[in-house]
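Since the structure comes first, as C-alpha cells, the remarks are kept for the end.
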Amino acid sequence: MPQAIAAVNDFVVKFANVNGSGSASANELFARSILRMGVPVSPRNIFPSNIQGLPTWYEVRVTEKGYLGRRGGVDMMVAMNPQTWAEDVKEITPGGYLFYDSTKPMPSSMFREDINVIGVPLTAITNATYTDARQRQLFKNIIYVGALSVLLDIDEKQIQRLFSEQFKGKEKLIDSNVKAMNLGRDWVKQHVDPDLVKLKVQHADNVGDRIFVEGNSAAALGAVYGGATVCAWYPITPSSSLAEAFQSHCKKFRHDKETGKAKYAIVQAEDELASIGMVIGAAWNGARSFTATSGPGISLMTEFIGLAYFAEVPAVLVNVQRGGPSTGMPTRTQQSDLLGCAYASNGDTKHVLLFPEDPRECFEFTADALDLADRLQTPVFVMTDLDIGMNHRLCKPFAWDENRVLDRGKVMTAADLDAGKTFGRYLDVDGDGIPFRTYPGTHPTKGSYFTRGTTKDEFARYSEEGPVYVRNMERLQKKWETAKKIAPQPLRYSSPKPTRFGVIYFGSTSPAMDEALDHLEAEGHHVNALRVRSFPFAQSVEDFIHEHDRVFVVEQNRDAQLRTMLLSEHTLDARKIVPVLHYDGTPITARFIATDIATKLGQFKVVSFDKAAS
Amino acid sequence: MTYIAKPRLHHPSLVKNKAGFTRRDYEGAVSTLCAGCGHDSISAAIIQACYELDILPHQVAKLSGIGCSSKAPTYFVGASHGFNTVHGRMPSVMTGANLANRDLIYMGVSGDGDSASIGLGQFAHVMRRGVNMTYIVMNNGVYGLTKGQFSATADKGSISKKGVSNPDSSIDMVSLAILMGATFVGRSFSGDKHQLVPLIKAAMAHKGAAFLDVISPCVAFNNHSGSTKSYDYVREHNEALNRIDFIETREEITTSYDPGTTKTVQQHDGSILRLRKLGEDYDPSDKVAAVKRVQEGLHAGEVVTGLLYVDPTPSDLHANLNTVDVPLNTLNAPELCPGTSALDKINASLR
C-alpha cells in the first residue's frame, strides 16, 4: 500500500476536464458545498484559449486557515480527461489520490505505485441511467461530485441546498440533480473502503460573512455604484465578463421603473481604439465612462490615453491583465502591464494606477477610480488580473456609504460663470494643479473652449511658446503630486519583532503573500510588509524603503516592473531593492515567495552587502 | 494658426435671428487656411446654416480629427465647445459625446485623409450605429498639411501637382456611407453655397446619421489641370440631381414651383425638404437606386451632387439603446447608485 496523505480541511483537489463538457458548474458546486460547511476554499480555473474540446482544469484549495492563494501541489486529481491523463497523474503528490472513471479497464502502466487510486465507473453508471447524450454528459459531472462527497465527507445536505437555490422554481431539475448525486454517493458507499481517502472536510466556522465572487463581476458592480453611465468595450479575454457583468447589473438596477428606459449606455465598439475614444468623448461631455480591456487592448488605446492625459479628460480603464507580451498567454495571469500603463503614450506621460487585491477592492477601486478620474481629470487604470477577475474569491462583503455622492471634481457651472468667476480651462487657481472644466453646452456666451492634443496656454489657446509649454507640463506634475495624496494609500503589516527587512507587494499577490509571511515568521524570518495600492506612490512607500536595509519587491512579471517604477520615481540605492519574480502564467504561490525570500535572506547573512547585490 | 481672435464689434444693422443672435455670433476665429481654400467656404456655409436654423450656439458640439479640415471647427460657432481629437478617431469620440448628452447638436468635421484612410473603420461604424450627427468630409483628394500626397479619395488616374498619376482606386465616401447605414447622405461642392447651405440645414435637422461629402478644392496642392478635385473640374462635371429647400415646420411656404418639378420629404422632426428636380427623375428615398446612380456617375466621371439618400424616419443610437430622455450626464447618485440595501441583498446572494 502506498502512503496516504491525511489532512482535514487543508488539501488541494484538481479537476482535469474537457472544455465545454459542462464540468464548470459541477466543479463550482463542489467548491461551494465545502464553503457552506464553513471551510474557506479558493478555486482557480486553468483553461485554454478555446471554446470546446481542449483540456481545462479547476483547482480547489480547501483551507481552514483561509489561505486563498494558490498552494501548489495536488493531493487529489479528478482525472476526467484522457488527453491529459499522463501529465495529470504525474502531478499528484506522492501519497495523494487519483480519482478516475474506471468504466474501461486501463493497463497498470497508466498508474503510479506511490499514489492511491479510486476508480468509479462513471460512464457505466451514467449510461445505465440516462439515454439522452447531453444528459449523460452533464449528469456524469454531478455523479462524480456525489462520489467525491462520500470520499471527502462533504455534507450532502449542503449540496442539496445548493441545488434548491440554483434551480429555485424548477423542482424537476432539483430532483434529477439530487438523483444523479446519489448515484455517485451510493456506488462509492457500496464499493469503496471509507478509510481509503484520508482527506476530509469537517464543519468549521471560518467563512463568516465573507462573500464568494469573481473580480470582474465585482468591478462591474463598482462601476454601477460609482455612477458610470457609459461603457464602451471590445471583447478580449480575460476582461469580457466584466463588461457583460456591467450589462447584467445595469439591467437589474438602471432601468427607469416607469418607462423602462436605460440610465446607461453600453456600446460594444469595433475595436479598442474606438472603445477608449467613446469613453473619452463621453467623459469630455460630462458622463462617467469606463472601458474594460486587457494588455493588447491597452497597446491599441495608447494614443488616446496620451490625448486624455494632455487634454485632461477623465477616463477609467479596467485592465484585467493576462500573460504578455503581444497576444501572450490569453488565459493565464500576470502583472506585466504596469510599465505599459503607467507611462502609456508618447512624450512625458504618467498615469494613475490602482491595484486591487481581491473582488472587494475591485468593487471599491472601480468606484473610486470614477471619482479620481473626475477629480484629477486624467485616465485612471484599475489594474486587476485574470487571477482575481475570472476566479471566485472569498472576500469581505461589499460596503457602501449611503451618503456618498459622486465627486465630479472641479466643474464650473453656468451660475459660476454668471457670477463672474474667471474660467481658464488649464488655469490652476488653487495650487493643486487641477484646473476647472466646463461641460459642453453649459452657457450661451461663456465657458466654451477648444479641447486638443496640442499645446495650449491656461485659457486653452493654442501655443507653442516654450515657457507656456513648460508651465503647463509643470502644472501637470503638480497634479501628479496631488494624486499621491488622494489615491488609495499603502497598507503596512509590521512583523512582531523589529527587522531590517521589508517586502513590497501588490494586487493578486496578496493572499499568497499573507501566507508566505506566516511561513517566514514561523521559520524565524521577520519581515515587514507594505502593500502598495496605487501609483503614483505615496510618500509612505519611500519612507518604508528607507526604513529597511533590504526590501523585496514581489511581482508577477519578468522585468520587475514595480521595482523599475520605484527606482524611477524615487532616489534610491537600487542594490537594496531585491526582486522576487514569478511569471509563468500561474498565480504566484506562498511556497515560492517564502522559499525565494528565505533563500535570499540566507545569502545576505553570509555574503557582504556589496557582493550580494552585484 | 488659430489663435488670432476676431474683433467682436457687431454692426448694429446685423439682423438677429429668432434665437437672438446675429450671423457674426456663429463665427469663430479667423481662418489660418490658405486664401481660397474650399474649407473656408464650407465653414461659412455651416455658419449660415446655424444662423438660419436659429440654433443656440452653445448647443453645438464640434468634433474633428487631424488635418486641414479638422482645424475648421475653430473657424465657426466660437461659443460652442470643440474637440480636436486624434487622427481618424473623431467618430468614436463623437459617439461617446453623443451618448453622454443626447440634447446637443453634434457636428463632426473631417477630411478625406482623416476619414477615408486612417479613420475608414471608425467612419463605417459611426454610420452603422446611427449616431445622431452631421458628419462633413471636406474632400479635396489630397494631403495638404504634408504637402501634396494623394489621399484615398483621389481618383485613379488623376494627376498630382508633381505630375504623378494616381495608380490606386478611389474610395467613394458617399456610396460607403449609404451602404454602412447612414440615413441622410448628400454630396455638394464648396463653391455652390446655394446647394450646400440647405443640405447642411437638412442634415442638422435629421435625427440620425447624416453624412455630407463636400468636394473642397485644395488651392495649394490640388487645383491644377489633371486633378479631378479642382475648381474647374468640379464645375465642369458637377451633375446636380436636385437642389433642396429646407423648410422648418413653423415657416410659411412662400415659393411655388410648377407641379411635377418638386418632391417633398418630411423628416421626423417635422422639417420639410422640398427637392427641386434638375432634369432626371431621381428618388432619394430609394437606397438601391441611390447607390446605383452614384456609381454610374463615378463611372462616367461625373460629380453627382445633391441629396442622394434620405430615410425620413431614421432610428438613432439612443433609440436603439433605449436610453432615458434626459442626458445621461445629468443623472446623479440618486438615479445611478442602487444604495446600501441593494448591496446587502447582493452580498447575501454571494454567500
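The values are calculated or read from the model by the stated rules, or taken from the named source; none is laboratory data. Everything numeric here is computed off the predicted structure, so don't read it as measured data. Note: ideal-geometry Cβ built from the backbone for every residue, glycine included; neighbour counts use all protein chains shown.
One residue stands out in region A:260-272 among those that are surrounded by fewer than 23 Cβ atoms within 10 Å (Cβ to Cβ) and touching a Gly at 6+ places or on another chain (Cβ under 8 Å): the one that is farthest from the other protein chains (Cβ to nearest Cβ), namely A:ASP271.
Among the strands (runs of 3 or more DSSP E) confined to region A:350-427, the ones with at least 2 residues that are more than 22 Å from A:TRP480 (Cβ to Cβ) are located at A:379-385, A:392-395. When every residue of region A:329-349 is checked against the conditions, none turns out to be polar (S, T, N, Q), within 19 Å of A:GLU272 (Cβ to Cβ) and part of a strand (DSSP E or B). Here A:TYR309 clears all of (1) within 17 Å of A:ALA373 (Cα to Cα); (2) within 12 Å of chain B (Cβ to nearest Cβ); (3) in a helix (DSSP H, G or I) except the condition numbered (2). In region A:409-445, which residue that is at the interface with chain B (Cβ under 9 Å from one of its Cβ atoms) and touching a residue at least 12 places away in the same chain (Cβ under 8 Å) is surrounded by the most Cβ atoms within 10 Å (Cβ to Cβ)? Step by step, filter region A:409-445, then rank; the result is A:PRO440.
Restricted to region B:72-84, and to residues there that are more than 10 Å from chain A (Cβ to nearest Cβ) and assigned to a helix (DSSP H, G or I), the residue that is surrounded by the fewest Cβ atoms within 10 Å (Cβ to Cβ) is B:TYR75. Are any of the residues in region A:474-488 in a loop (DSSP other than H, G, I, E, B) and either at pLDDT 95 or above or outside the structural domain of A:ILE280 (by TED's automatic domain parsing) (or both)? Within region A:474-488, one or more residues are in a loop (DSSP other than H, G, I, E, B) and either at pLDDT 95 or above or outside the structural domain of A:ILE280 (by TED's automatic domain parsing) (or both). Quick check on B:LYS62: is it of a type in the set (D, E, K, R) and at the interface with chain A (Cβ under 9 Å from one of its Cβ atoms)? Yes, satisfied.
With a requirement of 2 or more residues that are out of contact with any Lys or Arg (no Cβ under 6 Å at 6 or more places or on another chain) and assigned by TED's automatic domain parsing to the domain that holds A:TRP480, none of the strands (runs of 3 or more DSSP E) lying completely within region A:501-580 satisfies it.
Considering region A:179-284, the qualifying helices (runs of 4 or more DSSP H), each wholly inside and each with 1 or more residues that are without any contact (Cβ under 8 Å) to a residue 40 or more places away in the chain and among the aromatic types (Phe, Trp, Tyr), run over A:240-253. When every residue of region A:164-175 is checked against the conditions, none turns out to be charged (D, E, K, R), in contact with a Lys or Arg (Cβ under 7 Å, 6 or more places away or on another chain) and on the phi < 0 side of the Ramachandran plot. Inside region B:106-123, residues that are among the hydrophobic types (A, V, I, L, M, F, W, C), under 19 Å from B:SER175 (Cβ atoms) and more than 14 Å from the chain's Cα centre (by Cα) make up a count of 2.
For A:ALA369, are the conditions met, namely being within 18 Å of the chain's Cα centre (by Cα), among the aliphatic types (A, V, I, L, M) and not assigned by TED's automatic domain parsing to the domain that holds A:GLY69? Considered against the rule, which asks whether it is within 18 Å of the chain's Cα centre (by Cα), among the aliphatic types (A, V, I, L, M) and not assigned by TED's automatic domain parsing to the domain that holds A:GLY69, A:ALA369 comes out as yes.
As a summary of the residue check, A:PRO238 satisfies the conditions (1) on the phi > 0 side of the Ramachandran plot; (2) away from every other protein chain (no Cβ under 11 Å) except for the one numbered (1). Quick one: would you say B:LYS71 is at pLDDT 95 or above, touching a strand residue (DSSP E or B) at 6+ places or on another chain (Cβ under 8 Å) and among the basic types (Lys, Arg)? So B:LYS71 does not fit the description; no. Inspect all residues belonging to region B:133-147 and state whether any of them is crowded, with 23+ Cβ neighbours inside 10 Å and either of a type in the set (D, E, K, R) or within 13 Å of chain A (Cβ to nearest Cβ) (or both). Checking region B:133-147: at least one residue is crowded, with 23+ Cβ neighbours inside 10 Å and either of a type in the set (D, E, K, R) or within 13 Å of chain A (Cβ to nearest Cβ) (or both). In this entry, A:THR302 is excluded by the filter for residues that are assigned to a loop (DSSP other than H, G, I, E, B) and under 29 Å from A:MET329 (Cα atoms). With respect to B:PHE221, is the statement that it is touching a helix residue (DSSP H, G or I) at 6+ places or on another chain (Cβ under 8 Å) and either touching a residue at least 40 places away in the same chain (Cβ under 8 Å) or among the acidic types (Asp, Glu) (or both) true? The answer is no for B:PHE221. Restricted to region B:241-351, the set of helices (runs of 4 or more DSSP H) holding at least 2 residues that are within 14 Å of chain A (Cβ to nearest Cβ) and closer than 30 Å to A:CYS395 by Cβ comprises B:333-336, B:339-349. Assessment of region A:322-329 against the conditions (touching a residue at least 40 places away in the same chain (Cβ under 8 Å), of a type in the set (S, T, N, Q) and not assigned by TED's automatic domain parsing to the domain that holds A:VAL554) yields no matching residue.
Just one residue in the set A:GLY184, A:GLY208, A:GLY169 is within 24 Å of A:LYS396 (Cβ to Cβ) and either of a type outside the set (Asp, Glu) or within 14 Å of another protein chain (Cβ to nearest Cβ) (or both); that residue is A:GLY208.
A count restricted to region B:91-116 and to residues that are of a type outside the set (Gly, Ala, Ser) and within 8 Å of chain A (Cβ to nearest Cβ) stands at 9. Could you tell me whether A:ALA124 is surrounded by 14 or more Cβ atoms within 10 Å (Cβ to Cβ), more than 30 Å from the chain's Cα centre (by Cα), in the same structural domain as A:ALA24 (by TED's automatic domain parsing) and assigned to a helix (DSSP H, G or I)? Judged against the criteria, A:ALA124 is a match. Looking only at region A:582-614, filter to residues that are acidic (Asp, Glu) and modelled with pLDDT of 80 or more; which one of those is farthest from the chain's Cα centre (by Cα)? By that ranking, first place goes to A:ASP596. A single member of A:ILE46, A:ILE51 is without any contact (Cβ under 8 Å) to a residue 40 or more places away in the chain and out of contact with any helix residue (DSSP H, G or I) (no Cβ under 9 Å at 6 or more places or on another chain), and it is A:ILE51. The condition of being farther than 15 Å from A:TYR439 by Cβ and more than 15 Å from the chain's Cα centre (by Cα) does not hold for B:ASP40.
The set of residues in region A:289-306 that are at the interface with chain B (Cβ under 8 Å from one of its Cβ atoms) and more than 21 Å from the chain's Cα centre (by Cα) comprises A:GLU303, A:PHE304. Within 8 Å of chain B (Cβ to nearest Cβ) and surrounded by fewer than 24 Cβ atoms within 10 Å (Cβ to Cβ): is that true of A:LYS257 in this structure? Against the criterion (within 8 Å of chain B (Cβ to nearest Cβ) and surrounded by fewer than 24 Cβ atoms within 10 Å (Cβ to Cβ)), A:LYS257 does not qualify.
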